[in-house]
1. Looking at (1) at pLDDT below 90; (2) open to solvent by less than 20 Å² (accessible area, probe 1.4 Å), find the lone condition where A112 falls short.
2. Look through region 453-492, keep the residues that are hydroxyl-bearing (S, T, Y) and modelled with pLDDT of 85 or more, and return whichever of them is surrounded by the most Cβ atoms within 10 Å (Cβ to Cβ).
3. Kindly provide the set of residues from region 115-135 that are open to solvent by 40 Å² or more (accessible area, probe 1.4 Å) and in a strand (DSSP E or B), ordered by number.
4. Could you tell me whether any residue of region 75-83 is assigned to a helix (DSSP H, G or I) and either at pLDDT 95 or above or farther than 30 Å from Q193 by Cα (or both)?
5. Residue check: is R419 open to solvent by 40 Å² or more (accessible area, probe 1.4 Å), out of contact with any Leu (no Cβ under 9 Å at 6 or more places or on another chain) and not acidic (D, E)?
6. Are there any strands (runs of 3 or more DSSP E) wholly within region 136-180 with 3 or more residues that are in contact with a Ser or Thr (Cβ under 7 Å, 6 or more places away or on another chain), and if so which?
7. Cβ-Cβ distance below 8 Å, separation of 6 or more or different chains: which pairs start in region 75-96 with a residue that is farther than 14 Å from L62 by Cα and among the basic types (K, R) and end on one that is open to solvent by less than 30 Å² (accessible area, probe 1.4 Å) and part of a helix (DSSP H, G or I)?
8. Could you list, in sequence order, the residues of region 220-232 that are in a loop (DSSP other than H, G, I, E, B) and either open to solvent by less than 30 Å² (accessible area, probe 1.4 Å) or in contact with a Leu (Cβ under 6 Å, 6 or more places away or on another chain) (or both)?
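The values are calculated or read from the model by the stated rules, or taken from the named source; none is laboratory data. Only a predicted model underlies this, so the values are computations on that prediction, with no experimental measurement involved. Here the Cβ positions follow ideal geometry from the backbone for every residue, glycine too, while neighbour counts run over all protein chains shown. These accessible areas exclude ligands, DNA and RNA; they are computed on the full protein's heavy atoms, side chains included. Shrake-Rupley method; radii C 1.70, N 1.55, O 1.52, S 1.80 Å.
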Amino acid sequence: MLGVATHPQRREETAVDSTLSCPGVPVQPVPAAARLAGFREELYRCLTSRRDALFGLADAVLCCGGRVTDLARLSLVPEAGRGHGGLYDGVAAGRADVGRLRRALAGLPLPAWGDGRIRLAVDVCSWLRPDAATSPGRMHCYVRGRGKVAWVSPGWPYSFVAALSPGRTSWAMLLDAVRLGPGDDERAVTAAQLREVVGRLIAAGHWKDGDPAILIAMDAGYSPVQLAWLLRDLPVTIVARVRSDRVFYPPAPPKAPGTRGRPGRHGPPVRCGDPQSWASPGVDAEVSSARHGQARVLAWPRMHQALHRGSGGWDDWPASREFPLIEGTLIRLAAARPAPGQRRLEPMWLWASDPDAGAGEAGTAILWQAYLRRFDLEHVFRFLKQQLGWDKPMIRDPAAADRWTWLLIACHAQLHLARPLAAATRLPWQRPQGPGQPEDMTPGRVRAGFRHARHAAGTPASAAKTTRPGPGRPKGSKNKHKAPRHPVGKRPTKTYKPADKPAKKTKQTG
């Protein structure tokens, strides 16, 4: 059985199983091995077709010694139990109950924060397929490399939602993934995805009436004002980065007696690109950051944007109604004195859907600190691609790509649960790991010792039956059923600067 999640204020190691408690009997903690075994059993039930092959493929990903480069080499791992043909057949023809797997992930213990808040992050990561002309559903994906190099490449973009962890860590618990198609509205898809994730967390008991609002951090490129309006009935607070050319307005001052005309809707503007308009902030303080040294924070409460058609998806608003005033807190965060040896914090503007948080320094600190923790999700993306090989298989069908993506999300969840079980297997140049500190184990260190955790938790999959491979296409015959070619979908909405070209050398004379 899966352990029922505890209140966020409690340590996640003290999660309990409802089947172990009854009236008048004290609650007993669930051992880490039992919790991992329960999730593995639930994952096995979520795989409705080719379940043994898919489950063996997940174990091969977790137990192989190095980076995953392709599916064929995973058949050499003993935990796979099948040849490369069976693994490819499992990904191509298997089936999984994704809705049940989503509920299983939501029922796991979430990372515990000291203030009891749940912090989520949403971002898009692309599986680039520039040469896969026969793969449908590809889009032009915005890609940013090292430095200021950026380009656009065809691929499958996925929107991920993860629960952030406190402290200096590279862990973030993945909760959901949705592939964006050429005909999808990114804002509507993100709003529906966040609504479903929050609903599952509430149903699992992670949030109850009276608990603080769930913080959702996102980077620039989203429309936080519209998302705040679409999710206004949920107990969430959106914290997003906004562009430095935006303009926000405070509430309009009261109308003077005897003045004719309709009341004003906007006060004096605060232009993010004009320091002369940064007057009378609610918070003007210098705070310390462990990563960036001393930082200066400016915050203005109850700030809104002037909405109109053609700005951020408000084209469908009825012409007979006025646009709503969606108030929030505007925050400017910049480095005052960078810490020695640390990366300098570039000035950034944030907007949060909590209108009264900018009146005090404590409420503002929760918001900008939650946004800075959003970058922990980048470590998860790097681990999925470089270690687990998320974008390595040459898969044609996007449904098979979704199946492989969810399989790796389940693998990452097993690594999160196996932290207390995995032996601290280390290389000679790695730092020794002390006992009883599962939160300090990195995903790579846990994966190196997952074979021990798998032995402790057991496996519900059955052993493969001996069989003989099929004859395949006769030698010398041509493929008469060629796969159709599919065009690439719409271009991304983000703007980017290409890499600066080197200056041309001029011929010197004389």
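1. It fails just one condition, (2).
2. T459
3. Answer for region 115-135, where residues must be open to solvent by 40 Å² or more (accessible area, probe 1.4 Å) and in a strand (DSSP E or B): V124, L128.
4. No, the conditions are met nowhere in region 75-83.
5. So R419 does not fit the description; no.
6. Counting at least 3 such residues, we get 150-164, 172-179.
7. R82/A53; R82/G56; R82/G90
8. Initially, region 220-232 is screened for residues in a loop (DSSP other than H, G, I, E, B), giving 221, 223, 231-232.
Hits for region 220-232 are S223, L231.
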